[in-house]
Amino acid sequence: MRSIRSLIPWLATVAIGLAAAAAMQQSPSFKYPVHDMARPQPASVWPQGSRAAVDRVPTDAVRLFDGSGLGSWVGGGGKPAGWTVEDGVLAVKPGTGDIQTKESFGDVQMHIEWMVPEGTTCSGQKGCNSGVFFMGMYELQILNSNGNETYPDGMAGALYGQYPPMVNACLPLGQWNTYDIVFRAPRFKADGSLESPAYMTVIFNGVLVQDHVAMLGRTAHAARATYAPHEPKGPIRLQDHGDPIRFRNIWVRNLPAPQVAE
Ligand code: MG
């Protein structure tokens, strides 16, 4: 039988481990309040030139919008999606509400193109706003951020209310923007606590703006995000913010779990 003395180093190791775990559980300290206009504005790197090859769609992609109709989408409460399709372009019909995919998704790669028409009046968050909500909960902001300043954690390419994009890569009104996204769903333990957060990687018009960023929780407005357990899959939702945003060429690829060494 081991003496108490011989157990001391082991107990010390356990205590240090528990202290480290407790420290990791504590919420991080934040330098900026949510939606702080004093947070530095990301530099602008508006891409130039042609946009060849963005219409290529992987053969294993789930086409969510190919220009032909709203067959993959429903409105709130299971109503038919109220947005319009014209000349292969999907348009928010303001006031009809968000639309979401009929199918549920967890980990995905997503491609989506969006545009704010020329002549639209944008004022901060007003006039030119939409968003992609993964699992209906985790928003990648859509907003005209070309010549339209707002709080950095609410601009185009932001994980809304959490992380500004590394740079501002938004094209002017009337031009099509592309998002290529990798979304990793959060994982929850059986007791409902968080096992791993949601992660988002975003390439905006070919420019990396979010690099495997750990989300702080479910998207919230003017409040710090937190997690609550939910199903492993959920619909992808597009936001009707009351503004005339256009979309085309939307697809996702279901992803296997992250690779581990084997
Ligand atoms: Mg939005």
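The values are calculated or read from the model by the stated rules, or taken from the named source; none is laboratory data. Since the structure is predicted, the reported quantities are computational estimates derived from the model, not experimental observations. In this analysis, Cβ positions are derived from the backbone assuming ideal geometry, glycine residues included, and neighbour counts consider all displayed protein chains. The protein model used for the area step is the full one, side chains on, heavy atoms only, and it has no ligands, DNA or RNA in it. Shrake-Rupley method; radii C 1.70, N 1.55, O 1.52, S 1.80 Å.
Computed quantities for the displayed model
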read-out: Cα long-axis angle, helix 4-25 against the chain (0 to 90 degrees, to the nearest 10); value: 20 degrees
read-out: Partners for Lys93 among aspartates and glutamates (Cα-Cα distance below 19 Å; same-chain residues under 8 apart left out); value: Asp66, Glu113, Glu118, Asp240, Asp243
read-out: Point-to-point label distance, Val57-Thr121, nm (Cα→Cβ direction, 7 Å offset); value: 3.7 nm
read-out: Span from the segment 68-126 Cα centroid across to the segment 189-262 one, whole angstrom; value: 17 Å
read-out: Farthest toward positive dipole pole in the chain [+1 Lys/Arg, -1 Asp/Glu at C-beta], among Val74, Leu238, Gly161; value: Gly161
read-out: 20 Å Cα-Cα reach of Lys233 towards aspartates and glutamates, excluding residues that sit fewer than 8 places from it in its own chain; value: Asp60, Asp98, Glu103, Asp107, Glu139, Asp180, Asp191, Glu195
read-out: Total formal charge among the other residues, if their Cβ is under 13 angstrom from that of Gln210, Lys/Arg +1 and Asp/Glu -1; value: -3
read-out: Nearest-0.05 FRET efficiency for His230 and Met37, computed from C-beta distance (R0 35 Å); value: 0.65
read-out: Accessible surface, per residue, of segment 62-254 when the full set of protein chains is kept, probe 1.4 Å, Å²; value: 38 Å²
read-out: Accessible surface of segment 62-254, 1.4 Å probe, proportion on carbon and sulfur as whole %; value: 49 percent
read-out: Ranked by how many other beta carbons lie within 10 Å on average, peptides 84-91, 105-112 from highest; value: 105-112, 84-91
